[in-house]
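Student: This structure is in structure tokens; I'll ask about it shortly.
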Amino acid sequence: MLLELIHQTGIVPKKASQAVYHSACPWCGGKDRFTIWGEENRYWCRQCQRSGDTIQFLRDFHGMSFPQAAEVVGKPVERFRSSFNSSPAQQEKSKPLHQWMPHPAELPSVTWCQTAERFLNSTKKKLPTNLEAIHFLQAQKGLTLTTIQTTEFGYNPKDRYARPKTWGLEGSKRFWIPAGLVIPYRKEGQIIKIRIRRFVTEEPRYVAIKGTGTLPSWYGRNPQHVVLVESDLDAILLAQEAGDLALYVALGSATYRPDIETMGLLQQAQRVFLALDVDEAGKRETQTWWAKHFPYAQPLSIQSGKDPSDAWGHGISLRDWVLQGIRNTHDAG
């Protein structure tokens, strides 16, 4: 569908490989800077950094609101033309007042991803020799050696200060990469996020490397059931213990708001469970923002401790915990 929409702009994408096309960018021009993944209906421009899916294209290029774009997706492309004729002013008036709208996640540049790969490779070699990090992952977070290896954790032994240009970022002031456990996240084989867990008493405990992607991390294998948690380490542990039961989405923060891709995931899931941290922020967001915008999301109460890792430390079977949540909603339905 996205390819047909691009054709309607007068641009003819050229096939680069199976289901991957290159073309001029509808916004900034060029020749082949615009990449389209046909099967996924997603796009990205390496020059102006515009990216998204079919809905986002309709919103950005044709000025549609999210509800309008969502409504026309799935219809034959010929039927889009009537929607294109409405003016931006008319479209703006049709938007419900105070309605929250998802936005596309910010993804890092190619240079950032390449530098992140080199950084991770250097820190992976140092993890086995750091007993504090290994003990933390196994004894406190419940992760097996197999999980530790497949997740590609690393360890940064000392604070670094990096030049923005090296990471493909703007500015001249060096930025901080703290010492600690390196937690990477890949999407389609490419590193797009790196967070570091510091072993210190002061805040912040978790630091994202500047320029890291803003989308959440997904772990597990069953998108029919989605469990929302805050921490990557919680999601990784849940995937280890019950990866076949659900998809575990690490939001990174209780105040995270879903991007367009995550919104689609939540809408397609049969059941959505909220398992935010048992603290003031987690309770507040569960009872206010999530209750308002996702009233069908079911709270999945932590049985002991602050989060799933704490519950594991108290001897709770996380697999049974997820299964019970699924059964409860099934019985209620």
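Student: Which pairs turn up if I take residues in region 168-193 that are closer than 22 Å to K158 by Cα and look for partners that are crowded, with 16+ Cβ neighbours inside 10 Å and of a type in the set (D, E) with beta carbon separation below 8 Å, at least 6 apart in sequence or on another chain?
Tutor: Correct list of pairs: I183/D232; P184/E152; Y185/D232.
Student: Given the structure, is A297 of a type in the set (A, V, I, L, M), touching a residue at least 40 places away in the same chain (Cβ under 8 Å), surrounded by 14 or more Cβ atoms within 10 Å (Cβ to Cβ) and not assigned by TED's automatic domain parsing to the domain that holds L137? Lay out the reasoning, then the answer.
Tutor: Values: of a type in the set (A, V, I, L, M): yes; touching a residue at least 40 places away in the same chain (Cβ under 8 Å): yes; surrounded by 14 or more Cβ atoms within 10 Å (Cβ to Cβ): yes; not assigned by TED's automatic domain parsing to the domain that holds L137: yes.
Yes.
Student: Here is a follow-up. Here's a check for you: in region 247-288, which residue that is among the small types (G, A, S) and more than 21 Å from Y185 (Cβ to Cβ) is surrounded by the fewest Cβ atoms within 10 Å (Cβ to Cβ)? Give the steps one after another, and end with the answer.
Tutor: Taking region 247-288 as the starting set, the residues that turn out to be among the small types (G, A, S) are 250, 252-254, 264, 269, 275, 281-282.
Retained after the next criterion (residues that are more than 21 Å from Y185 (Cβ to Cβ)): 281-282.
On the way: A281: 13, G282: 21.
Only one residue fits best here, namely A281.
Student: Got a sec? Which of G325, G264 is out of contact with any Leu (no Cβ under 9 Å at 6 or more places or on another chain) and either in the same structural domain as F153 (by TED's automatic domain parsing) or not hydroxyl-bearing (S, T, Y) (or both)? Break it down into steps so the answer makes sense when it comes.
Tutor: Details: G325 fails: out of contact with any Leu (no Cβ under 9 Å at 6 or more places or on another chain).
The match here is G264.
Student: Follow-up. Looking only at residues in region 282-333 that are of a type in the set (V, I, T) and within 26 Å of the chain's Cα centre (by Cα), which one is modelled with the highest pLDDT?
Tutor: For region 282-333, the residue satisfying everything is V322.
Student: Give the residue that is farthest from E230 (Cα to Cα), with candidates limited to residues of region 275-305 that are of a type in the set (F, W, Y) and in contact with a Pro (Cβ under 9 Å, 6 or more places away or on another chain).
Tutor: Kept after step one, since they are of a type in the set (F, W, Y), are these residues of region 275-305: 289-290, 294, 296.
Those left that are additionally in contact with a Pro (Cβ under 9 Å, 6 or more places away or on another chain): 290, 294.
Numbers: W290: 14, F294: 17 Å.
Selected residue: F294.
Student: Only residues that are polar (S, T, N, Q), outside any loop (DSSP other than H, G, I, E, B) and closer than 22 Å to G220 by Cβ: list them for region 120-160, please.
Tutor: In the first step, residues of region 120-160 are kept if they are polar (S, T, N, Q); the result is 121-123, 129-130, 138, 140, 144, 146-147, 149-151, 156.
Add one more test, that the residue is outside any loop (DSSP other than H, G, I, E, B), and what stays is 121-123, 129, 138, 140, 146-147, 149-151, 156.
Hits for region 120-160 are Q138, Q140, T146, T147, Q149, T150, T151.
Student: On to the next question. Is it true that A311 is part of a helix (DSSP H, G or I) and either in contact with a strand residue (DSSP E or B) (Cβ under 7 Å, 6 or more places away or on another chain) or over 16 Å from L233 (Cα atoms) (or both)? Working first, answer last.
Tutor: On the way: part of a helix (DSSP H, G or I): yes; either in contact with a strand residue (DSSP E or B) (Cβ under 7 Å, 6 or more places away or on another chain) or over 16 Å from L233 (Cα atoms) (or both): no.
When the stated conditions are applied, A311 does not pass them.
Student: Let me ask something additional. Pairs please, first residue from region 122-149 and over 20 Å from A311 (Cα atoms), second anywhere and charged (D, E, K, R), Cβ atoms under 7 Å, 6+ apart in sequence or on different chains.
Tutor: Cβ pairs passing all conditions: K124/E152.
Student: Moving on. Give me the residue from region 314-330 that is of a type in the set (G, A, S) and outside any helix (DSSP H, G or I) and, out of that set, surrounded by the most Cβ atoms within 10 Å (Cβ to Cβ). Can you show your working first?
Tutor: Of region 314-330, the ones of a type in the set (G, A, S) are 315, 317, 325.
Imposing the further condition that a residue be outside any helix (DSSP H, G or I) reduces the set to 315, 317.
Values: G315: 7, S317: 14.
Looking at residues that are of a type in the set (G, A, S) and outside any helix (DSSP H, G or I), I get S317.
Student: Of the residues V249, V278, only one is within 28 Å of V182 (Cβ to Cβ) and either assigned by TED's automatic domain parsing to the domain that holds G189 or not in a strand (DSSP E or B) (or both); which? Break it down into steps so the answer makes sense when it comes.
Tutor: Working: V249 fails: either assigned by TED's automatic domain parsing to the domain that holds G189 or not in a strand (DSSP E or B) (or both).
Selected residue: V278, the only one of V249, V278 that is within 28 Å of V182 (Cβ to Cβ) and either assigned by TED's automatic domain parsing to the domain that holds G189 or not in a strand (DSSP E or B) (or both).
Student: Also, I was wondering about something else. Got a number for residues in region 171-219 being charged (D, E, K, R) and at pLDDT 95 or above?
Tutor: Result for region 171-219: 8.
Student: Can you find, within region 259-271, the residue that is farthest from the chain's Cα centre (by Cα) among those that are in a loop (DSSP other than H, G, I, E, B) and closer than 17 Å to P299 by Cα?
Tutor: Among those that are in a loop (DSSP other than H, G, I, E, B) and closer than 17 Å to P299 by Cα, it is Q270.
Student: Filter region 47-70 down to residues that are within 20 Å of T262 (Cβ to Cβ) and assigned to a helix (DSSP H, G or I), then give me how many there are.
Tutor: Residues that pass the stated criteria total 11.
Student: Surrounded by fewer than 22 Cβ atoms within 10 Å (Cβ to Cβ) and in contact with a strand residue (DSSP E or B) (Cβ under 9 Å, 6 or more places away or on another chain) - does that describe any residue in region 226-236?
Tutor: Here is the first cut: in region 226-236, the residues surrounded by fewer than 22 Cβ atoms within 10 Å (Cβ to Cβ) are none.
For region 226-236, residues surrounded by fewer than 22 Cβ atoms within 10 Å (Cβ to Cβ) and in contact with a strand residue (DSSP E or B) (Cβ under 9 Å, 6 or more places away or on another chain): absent.
The values are calculated or read from the model by the stated rules, or taken from the named source; none is laboratory data. Quick caveat, the model's predicted, so the values are computed rather than measured. Heads up, the Cβs are rebuilt from the backbone with ideal geometry, glycines too, and the neighbour counts pull from every protein chain shown.
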